[in-house]
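The block underneath contains the structure these notes are about, expressed in structure tokens.
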Amino acid sequence: MDSSSVFANIVRAPEDAILGVTVAYNKDSSPDKLNLGVGAYRTEEGKPLVLKVVRRAEQMLVNDNSRVKEYLPIVGLADFNKLSAKLIFGADSPAIQENRVTTVQCLSGTGSLRVGAEFLARHYHQLTIYIPNPTWGNHTKIFGLAGLSVKAYRYYDPATRGLDFQGLLEDLGAAPSGSIVLLHACAHNPTGVDPTIEQWEQIRQLMRSKGLLPFFDSAYQGFASGNLDADAGSVRMFVADGGECLAAQSYAKNMGLYGERVGALSIVCKTADVASRVESQLKLVIRPMYSNPPIHGASIVATILKDRDMYNEWTVELKAMADRIISMRQQLFDSLSARGTPGDWSHIIKQIGMFTFTGLNTKQVAFMTKEYHIYMTSDGRISMAGLSSRTVPHLTEAIHAAVTRAG
Amino acid sequence: MWKCFSTRTSRCFSTSASNRTLKWWDRVAPAPKDPITSVTEAFLADTSPTKINLGVGAYRDDEGKPVVLQCVKEAEAKIAGCDFLESVSSAVSSKLVEESVKLVYGKNSDIIKEGRFAGVQALSGTGACRLFAEFQRRFYPESQIYMTDPTWSNHHNIWRDALVPERTFHYYHPDSKGLDFSALLDDVKNAPDGSFFLLHPCAHNPTGVDPTEEQWREISYLFKVKNHFPFFDMAYQGFASGDLDRDARSIQIFVEDGNVIGCAQSFAKNMGLYGHRVGCLNVLCNDAKQAVAIKSQLQQIARAMYSSPPIHGILLVSGILSDPNMKALWVKEVKAMANRIQSLRTTLRKSLEQLSSPLNWEHITNQVGMFCFSGLTPEQVDRLLREFHIYMTLDGRMSMAGVTTGNVSYLANAIHEVTKFG
């Protein structure tokens with residue numbers, strides 16, 4: 001090659017902290033290795049799961065000779081958008097009935113958050129977003145690159161391994177009026193700590209009184225309690241007071257459609273006219289990013305959501321996944337108790353959703369990886385979905401050793 | 001950038017809906033419609049039985065229907081029922097990139113053997129361009145991008161949203177309806193050394209005007225002298241000549257001359273995978289080590305935008321490209337699509353000439369690819385819409401893929417009607 005690359009001085013970017021765990025796991029040749037890193041569901045046999053109802057929907061699509069592969073509209077598949085809004089806000093939501101909701105199909109949760117953030121950066125008057133401490137690692141990058149300034153509000157209390165409710169209220173109370181606030185709708189990632197209904201109501205009142213704009217990230221609807229409606233309770237509470245909010249939905253986990261990148265961004269507005277203008281501006285964000293969203297995954301979701309039998313089948317399979325995770329929590333807790341591992345491990349059964357914030361420190365995590373080939377993110381977050389009855393004993397041993405030997 | 005004006009309305013602290021006056025979005029004006037997708041929207045709303053959509057560059061068969069390629073149907077039947085719904089494994093991902101890049105540089109290229117490229121899958125052509133624009137901005141924050149005049153309308157949006165200012169360079173000559181070659185060379189010469197240029201390697205959109213191989217050689221030589229960075233947006237490989245290798249020739253000329261390039265590829269048109277959003281971005285590097293660095297940066301940009309591209313389309317494309325039989329079938333199907341378009345170009349031109357049109361319609365057959373830059377004025381385009389229910393973008397760009405043996409006479413008559421008085 002004659003001339004030097006104009007990009008010759010580029011250094012290698014650091015690995016994504018979460019995805020990097022799987023990279024390291026894949027390199028490990030130990031037969032005992034255990035991947036508790038990324039939040040992807042695994043069966044009791046440790047295998048990825050394609051839901052039966054998804055397979056059925058996919059087969060129906062393949063067999064339908066009238067289907068074509070034309071571009072979707074910029075806002076995505078219309079059916080999918082309507083059904084997604086109903087899923088999160090409730091079919092009887094007045095906001096939907098009054099046409100005050102604009103919903104656009106996006107690339108899973110990440111894409112929905114990014115499009116929403118870009119829209120806010122252009123049109124909103126307060127360009128600061130408050131995110132809980134801690135939160136999913138990619139949140140800061142998404143909002144930052146979209147042009148928002150990112151601040152934190154207290155959320156997790158390491159002492160109780162629960163919610164720092166006072167700290168949360170103080171920090172949101174001190175936020176400038178109009179600030180955007182990121183809320184995990186349920187099954188907080190990484191801590192698994194969710195506010196109670198009463199606490200949500202207090203948060204709502206505080207936020208509305210200060211004019212803070214809620215931006216919900218709903219990546220685990222159905223995984224927290226096993227019930228889709230219950231898991232949307234926080235979002236619906238805010239919509240019910242007539243106010244405005246944003247909501248990003250992902251179907252990666254609850255429909256197991258991870259790789260297909262299916263999600264939706266909804267913006268609940270005061271009036272139908274505003275919703276329509278907002279939608280037109282969302283299109284201007286999307287078109288220069290990727291023109292229009294991918295057709296396959298959204299078609300699967302729409303097929304399932306619009307058919308009553310398939311929908312019911314889905315809720316059953318979803319509950320089974322949620323139940324298996326809840327059972328793993330119980331098993332791990334029981335196992336640590338039986339082992340007599342020092343410390344209070346009740347947070348394992350109190351925390352909600354796919355993850356447990358173990359409370360293990362980085363030294364302990366590194367120890368567990370090195371000595372026991374157990375992979376998790378360095379903040380001590382483990383994905384319960386990666387556990388099985390067979391591997392609980394190995395994890396128990398590793399935690400026990402880490403706690404007693406690796407300060 | 002975007003103005004944030006502050007129209008504070010008075011606020012009540014009551015939580016009852018009826019007392020709320022806080023209006024977040026009053027300031028949001030309705031956005032202008034996209035000049036291309038809005039044509040399709042208007043077309044769909046039209047109930048006329050004679051309507052013709054010559055707007056968006058999406059292939060249609062001779063009945064005016066969208067086509068799912070046979071090779072795609074076969075690939076899809078194969079993957080239905082697979083365990084692939086999780087994030088793309090790196091093996092699948094590398095396979096797609098490798099096969100895509102072979103289409104650009106040739107399957108025996110040293111570049112591929114030596115791993116001298118950073119390649120990532122992208123959300124079709126738009127996504128690949130956007131990733132590159134963001135990457136360009138990140139590492140060359142003071143740089144600009146030179147675009148052909150005219151270019152695909154969304155190119156302006158993409159680089160603007162990536163915060164890279166644009167300049168244009170001469171390309172289309174409205175009088176000849178061909179290439180304004182000497183002005184193009186002047187602009188390339190006069191641009192500051194080391195400028196970034198956006199080039200269409202074949203089947204230029206919207207004009208259908210491509211440089212000849214000789215002209216490409218001259219341009220490439222000049223790029224080398226000026227140390228410019230050429231970024232190719234290849235959305236129509238196969239549609240210019242019907243031959244995939246030939247359509248990538250311009251890129252290969254640049255590479256042979258020692259230019260270090262970047263290239264966006266789309267499988268929307270040539271594989272008919274429009275809605276699946278499958279494409280590839282690659283950037284040439286000094287060596288495999290640098291390729292790793294650049295790839296990691298591109299992946300980071302993507303991670304904060306949408307994490308990873310949808311797997312279904314990736315499986316289809318890599319399935320087709322890595323199976324010799326399916327790939328051979330694909331090559332045939334691309335040629336058939338290109339041939340149909342070429343034949344309708346000839347028919348349309350002949351029909352207009354037979355109607356004794358006062359205008360010169362040679363450009364219909366001189367121009368290549370999916371589009372014909374007709375030279376129709378906005379007023380004429382508007383008349384075609386209102387009087388004949390024929391839809392195209394206001395710049396007079398017609399997607400020839402929308403022309404059929406069934407509608408070509410109607411189209412010729414309509415064009416004649418609006419242009420017969422000059």
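Every number here is computed from the coordinates shown, using simple stated rules; none is lab data. All figures in this text were calculated on a predicted structure; none of them were measured in a lab. Glycine also receives a Cβ, built like all others from the backbone with ideal geometry; neighbour counts cover every protein chain displayed.
Near A:Tyr153, the amide H atoms lying under 5 Å from its own belong to A:Ile131, A:Asn133; only residues 5 or more places off or on other chains count, and H is placed 1.01 Å from N. Of all aspartates and glutamates in the structure, those lying under 16 Å Cα to Cα from B:Lys189, and not within fewer than 8 positions of it along the same chain, are B:Asp180, B:Glu218. On the basis of the beta-carbon distance and an R0 of 30 Å, A:Thr128 and A:Ala240 show a calculated FRET efficiency of 0.70. Principal-axis analysis of the Cα atoms of chain A puts helix A:295-306 at an angle of about 90° to the longest axis.
Count, for each residue of B:50-60, the Cβ atoms from other chains sitting within 10 Å of its Cβ, then give me the mean as a whole number. Counting other chains' Cβ atoms within 10 Å and averaging over B:50-60 gives 1. Computed over the range A:111-236, relative contact order equals 23 percent, with contacts defined as Cα pairs under 8 Å that lie 6+ residues apart. On the beta carbon distance between B:Ala80 and A:Ser66, with R0 = 22 Å, the FRET formula returns roughly 0.85. Take each residue in B:281-292, count the other chain C-beta atoms within 10 Å of its C-beta, and the mean is 3. With N counted as the residues of the protein assembly as shown, its alpha-carbon radius of gyration over 2.2 N^0.38 Å works out to 0.99. Placing R0 at 51 angstrom, the Cβ-Cβ distance between B:Glu213 and A:Asp157 gives a FRET efficiency of 0.15 after rounding to 0.05. Amide H contacts of B:Leu199 (H built 1.01 Å from N, in plane; Pro and chain starts excluded): B:Phe231, B:Phe232, B:Asp233 sit under 5 Å, all sequence-distant by 5 or more or on other chains.
The alpha-carbon positions of chain A define a convex hull whose volume is 177 Å³ per residue. Which shape class applies to the range A:213-252: rounded if a/c is under 1.5, otherwise prolate when a/b exceeds b/c and oblate if not, where a ≥ b ≥ c are the square roots of the Cα gyration tensor eigenvalues? It is oblate, given that a/c is not under 1.5 and a/b is not larger than b/c. Neighbouring Cβ atoms from other chains, within 10 Å of the Cβ of residues in A:123-135, number 2 on average. Could you work out the relative contact order of the range A:4-132? I mean the mean sequence separation of Cα pairs under 8 Å and 6+ apart, divided by the number of residues, in percent. Relative contact order of the range A:4-132: 12 percent.
Of A:Phe119, A:Phe165, A:Phe357, the residue with the greatest mean-square motion in the GNM of chain A, using alpha carbon springs below 10 Å, is A:Phe165.
Helical content alone sets the calculated 222 nm signal of the protein assembly as shown at -14000 deg cm²/dmol, taking -39,500 (n - 2.57) per DSSP H segment of four or more residues and averaging over every residue.
A crude spin-label estimate for the pair B:Lys350 and B:Ser38, with each label 7 Å from Cα along the Cβ direction, gives 3.8 nm.
At q = 0.12 Å⁻¹, what is the log10 ratio I(q)/I(0) for the range B:33-152, with the Debye formula run over Cα points and no solvent? Rounded to two decimals, the profile gives -0.81.
Over chain A, Cα pairs under 8 Å with separation of 6+ residues give a relative contact order of 25 percent.
Rounded, prolate or oblate: which fits chain B, taking a ≥ b ≥ c as square roots of the Cα gyration tensor eigenvalues, rounded meaning a/c under 1.5, else prolate when a/b beats b/c? Rounded, because the longest to shortest axis ratio a/c is under 1.5. For the pair B:Glu63 and B:Asn108, label points projected 7 Å from Cα toward Cβ lie 4.3 nm apart.
Site pair A:Gln330 and A:Thr404 shows an inter-label distance of 2.7 nm when each label is modelled 7 Å from Cα along Cα→Cβ. If a spin label sat at a point 7 angstrom from the Cα of B:Gln70 along the line to its beta carbon, the backbone N atoms of the range B:300-336 nearer than 19 Å would be those of B:317, B:319-336. Rounded to the nearest 10 degrees, the inclination of helix A:137-146 to the longest alpha-carbon principal axis of chain A is 30 degrees. For B:Ile52, nonlocal amide neighbours, meaning residues 5 or more places apart or on other chains whose placed amide H falls under 5 Å from its own, are B:Ile390, B:Tyr391. Seen against the Cα atoms of chain A and their longest principal axis, helix A:362-372 is set at about 70 degrees. For chain A, modelled as a Gaussian network with Cα springs under 10 Å, which listed residue fluctuates most, A:Asp379, A:Asp16, A:Asp231? Greatest mean-square fluctuation among the candidates belongs to A:Asp16. Under the rule a/c < 1.5 gives rounded, and otherwise a/b versus b/c splits prolate from oblate, where does the range B:375-422 land using the Cα gyration tensor? Since a/c reaches 1.5 but b/c is at least a/b, the shape of the range B:375-422 is classed as oblate. Taking each residue as 0.36 nm, the span from A:Ser29 to A:Ala78 lengthens on full extension beyond its C-alpha to C-alpha distance by 13.0 nm. According to the Kirkwood relation over distinct C-alpha pairs, the hydrodynamic radius of the range B:317-398 is 15.0 Å.
Overall, the ratio between the Cα radius of gyration of the range A:301-407 and 2.2 N^0.38 Å, rounded to two decimals, is 1.28.
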